[in-house]
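To start, the structure itself, in structure tokens.
The values are calculated or read from the model by the stated rules, or taken from the named source; none is laboratory data. Only a predicted model underlies this, so the values are computations on that prediction, with no experimental measurement involved. Quick reminder, even Gly has a Cβ in these numbers, built from the backbone with ideal geometry, and neighbours come from all protein chains shown. All accessible areas refer to the heavy atoms of the entire protein, side chains included, with ligands and DNA or RNA removed. Shrake-Rupley method; radii C 1.70, N 1.55, O 1.52, S 1.80 Å.
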Amino acid sequence: MIDGAMGTMIQSYRLDEAAFRGDRFKNHPKDLKGNNDLLCLTHPGIIGEIHRHYFEAGADIVTTNTFNATSVVQS
């Protein structure tokens, strides 16, 4: 079974709008806070850290943080 509370783990970092934007999306016209998939680009270290926590807890595999990484959702 592959499951995990990725969103909850991300929320524990208490990231603000600027953190979600990073330098790459700092001038984006829409709010990005809560768009967890962007963190793969703006804060890959956080995503990597969360994945390490899963491995430390005994997971054999992890998947990327791309739950909403579709063109429909991202539009």
Hey, any hits in the stretch 7-22 for a residue that's open to solvent by 40 Å² or more (accessible area, probe 1.4 Å), touching a residue at least 40 places away in the same chain (Cβ under 8 Å) and in a loop (DSSP other than H, G, I, E, B)? no
Counted residues, the stretch 29-42 - those being touching a helix residue (DSSP H, G or I) at 6+ places or on another chain (Cβ under 7 Å) and open to solvent by less than 70 Å² (accessible area, probe 1.4 Å): 7
Going residue by residue through the stretch 54-62, is there one that turns out to be on the phi < 0 side of the Ramachandran plot, among the β-branched types (Val, Ile, Thr) and open to solvent by less than 40 Å² (accessible area, probe 1.4 Å)? no
